[in-house]
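One structure below.
The values are calculated or read from the model by the stated rules, or taken from the named source; none is laboratory data. Computed from a predicted model, the values in this text were never measured in an experiment. Using ideal geometry, Cβ is built from the backbone for each residue, glycine included, and neighbour counts are taken over all protein chains shown. All accessible areas refer to the heavy atoms of the entire protein, side chains included, with ligands and DNA or RNA removed. Shrake-Rupley method; radii C 1.70, N 1.55, O 1.52, S 1.80 Å.
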Amino acid sequence: MLEKEAEPTKVVRSPGLHVRSIEVMDQRGLLERFLAHGQQYPVGGFFAASTKPTPDRLDTAHPYILGIPQTTTERLLTEHATELGVDIRRGCELVGLSQDDHGVTVELADDTRLRSRYLVGCDGGRSTVRKLLGVGFPGEPARVEWLLGEVEVAVPPETLNAVAAEVRTNHVRFGPAPHEDGVYRFVVRAEGVAEDRTVPPTLEEVKQRLRALAGTDFGVHSPRWLTRFGDATRLAERYRTGRVLLAGDAAHIHPPMGGQGLNLGIQDAFNLGWKLAAEVNGWAPEALLDSYHTERHPVAAAVLDNTRAQTELLSPEPGAQAVRRLLAELMDFEEVNRYLIEKITAIGIRYDFGEGHQLLGRRMRDVGLKRGRLYDLMHGGRGLLLDQTGRLSVAGWADRVDHVVDVSEELDVPAALLRPDGHVAWVGEDQTDLLSQLPKWFGAPVN
Ligand SMILES: Cc1cc2nc3c(=O)[nH]c(=O)nc-3n(C[C@H](O)[C@H](O)[C@H](O)COP(=O)(O)OP(=O)(O)OC[C@H]3O[C@@H](n4cnc5c(N)ncnc54)[C@H](O)[C@@H]3O)c2cc1C
């Protein structure tokens, strides 16, 4: 892994993980570590800053948001990767790349050349890899901009909260968030859009916008971090170019409404990881690697759309505010609330595996088995046949697929074949039918 920065950043962008990412950590045996460093909050219904209670029976064993700073998430994943033997090289900036039928050659800023069989560009929204590939990044430039300041305040918390509550009575989203050491995070709408968003705002700019919004600047001082972010929304035209793939912000950018960007990137990586491993280990069926784009591109397109919708609804214009109030009323219907939560937390995703059972293409939630929890059996990142009949077999694929004969009170299908990312590839009870599906995901059988 090549990273241009010599040291990890101290700046916290994402404050937490959504349900599907929490499940992903559970499926790889990392959940305990994450829970030890995070705080659980009720998932609640939220869309465009309207909040509602969590609906009953959300389809997950983890119906909460895990508050954990992005810096901690990155540290825990770095530790895990290092334990698995990943060589993490900091201070290495990729500046060039070329590929042929057998691999990719990358060039670093210090003129070093490295060769690999595949390359994944996870190098953020301004991705060098994407630009070098010439992959288009269509979408809209920023039309709205917000200023973010992590600052200390000169007023007591009661005053701050009272003023913030007063501001919110006008249906304006405003919630100064306390951080450790008396530092608060403020987000205020900027007056216009900066020409160069890499130039941070000044403290005076933040104060001026606070005064315009709240009638006071709370005496903010001693900024720890000042930045600006906009609603630029873009999606890479393709996620795969030969042996080079894109993931995370390199593939998609959108405003942070609903807190989805980091989560989307984690889930891209979870979709891609086992497919690349299958290629490298020589058993990947034809088209498996292409399915990364087919499955994940529409997911990102949907996230871009819901952030576009939320941005519109957060506009201070009276028409937008009226639509937002109407949506907040609709969210009192449990099914509407549930639909929006499943969207934002990414547990509602269904990949298109064709017609079939309602579980097909969806990730299976963690269920209790006689011998324990399903997700505990998936830590190795292998396929899994959950067989409640005891009559099926994965002979020929046993090196790639675990056969678990067990029963669950939470599962009303005879058997289900799970991919290493937990998505359901087959449901049924017929061995011949199963044999027709195994090669599609797990390649040719071995004797
Ligand atoms: C204000 C704000 C709030 C946010 N809130 C949330 C939230 O609540 N929830 C959420 O899920 N997401 C949130 N996000 C989004 C989230 O932070 C991003 O989606 C996430 O960081 C993307 O991760 P990434 O690894 O794809 O890219 P990045 O985090 O941008 O990482 C890219 C890495 O690549 C390195 N790099 C770049 N170029 C090169 C090169 N040429 N060679 C080598 N290394 C290179 C960079 O140094 C960097 O370390 C927020 C973002 C902002 C700005």
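Just a few scattered comments:
- Test: residue in the stretch 191-199 that is touching a Leu at 6+ places or on another chain (Cβ under 9 Å) and either more than 15 Å from the ligand (Cβ to nearest atom) or over 26 Å from A251 (Cα atoms) (or both): no
- Any pair with Cβ under 6 angstrom, 6 or more apart, that starts in the stretch 13-33 at a residue that is in contact (Cβ under 8 Å) with a residue 60 or more places away in the chain and within 14 Å of G422 (Cβ to Cβ) and ends at one that is among the small types (G, A, S) and open to solvent by 10 Å² or more (accessible area, probe 1.4 Å): R20/A346
- Selection from the stretch 401-447 of residues that are in contact with a strand residue (DSSP E or B) (Cβ under 9 Å, 6 or more places away or on another chain) and more than 23 Å from D352 (Cβ to Cβ): D402, H403, V404, V405, D406, V407, S408, E409, E410, P414, E429
- Qualifying residue in the stretch 128-142 (condition: within 14 Å of the ligand (Cβ to nearest atom), within 20 Å of L314 (Cβ to Cβ) and not charged (D, E, K, R)): yes
- Of all residues in the stretch 195-208, those satisfying the criterion of being farther than 27 Å from G121 by Cα and not in a helix (DSSP H, G or I) are P201, T202.
- Of all the listed residues (L119, L76, L66, L84), the sole one being free of Cβ contacts under 8 Å to residues at least 12 places away in the same chain and within 24 Å of the chain's Cα centre (by Cα) is L84.
- V413 being hydrophobic (A, V, I, L, M, F, W, C), surrounded by fewer than 20 Cβ atoms within 10 Å (Cβ to Cβ), modelled with pLDDT of 95 or more and outside any loop (DSSP other than H, G, I, E, B): no
Let's see how each residue does on (1) more than 30 Å from G67 (Cα to Cα); (2) of a type in the set (G, A, S); (3) surrounded by fewer than 24 Cβ atoms within 10 Å (Cβ to Cβ):
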position	(1), (2), (3)
R243	yes, no, yes
G248	no, yes, yes
H254	no, no, no
M257	no, no, yes
L262	no, no, yes
I266	no, no, yes
A269	no, yes, yes
P285	yes, no, yes
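- Subset of the stretch 70-84 that is more than 10 Å from L30 (Cβ to Cβ) and aliphatic (A, V, I, L, M) - its residue that is nearest to the ligand (Cβ to nearest atom): A81
- Meets criteria (closer than 25 Å to H179 by Cβ and within 16 Å of the ligand (Cβ to nearest atom)) for T105: no
- Matching option when the condition is open to solvent by 40 Å² or more (accessible area, probe 1.4 Å) and β-branched (V, I, T), among V303, V336: V336
- Test result for F218, open to solvent by less than 30 Å² (accessible area, probe 1.4 Å), over 30 Å from A301 (Cβ atoms) and away from the ligand (no atom under 16 Å from the Cβ): yes
- Residue that is open to solvent by 40 Å² or more (accessible area, probe 1.4 Å) and in contact (Cβ under 8 Å) with a residue 12 or more places away in the chain, where the choices are V405, V367, V401: V405
- Residue list for the stretch 250-268, restricted to those being touching a Leu at 6+ places or on another chain (Cβ under 9 Å), at pLDDT 95 or above and either near the ligand (Cβ under 6 Å from one of its atoms) or aliphatic (A, V, I, L, M) (or both): A251, I253, L262, N263, I266
- Hey, V24 modelled with pLDDT of 95 or more and either at positive phi or of a type in the set (V, I, T) (or both) or not: yes
- Within the stretch 5-40, considering residues that are touching a Lys or Arg at 6+ places or on another chain (Cβ under 8 Å) and of a type outside the set (A, V, I, L, M, F, W, C), the one farthest from the ligand (Cβ to nearest atom): E23
- Residue that is within 30 Å of L438 (Cα to Cα), more than 16 Å from the ligand (Cβ to nearest atom), among the small types (G, A, S) and touching a residue at least 40 places away in the same chain (Cβ under 8 Å), where the choices are G282, G356: G356
- Segments classed as helices (runs of 4 or more DSSP H), wholly inside the stretch 57-173, with at least 2 members that are open to solvent by less than 60 Å² (accessible area, probe 1.4 Å) and touching a Lys or Arg at 6+ places or on another chain (Cβ under 8 Å): 70-83
- R189 meets all of the listed conditions (1) at pLDDT 95 or above; (2) open to solvent by 30 Å² or more (accessible area, probe 1.4 Å); (3) of a type outside the set (G, A, S) but one, namely (1).
- Selection status of R211, basic (K, R), part of a strand (DSSP E or B) and over 22 Å from A48 (Cβ atoms): no
- The set of residues in the stretch 222-239 that are of a type in the set (S, T, Y) and either surrounded by fewer than 16 Cβ atoms within 10 Å (Cβ to Cβ) or away from the ligand (no atom under 11 Å from the Cβ) (or both) comprises S222, T233, Y239.
- Test result for G273, in contact with a Pro (Cβ under 9 Å, 6 or more places away or on another chain), within 16 Å of the ligand (Cβ to nearest atom), small (G, A, S) and in contact (Cβ under 8 Å) with a residue 24 or more places away in the chain: yes
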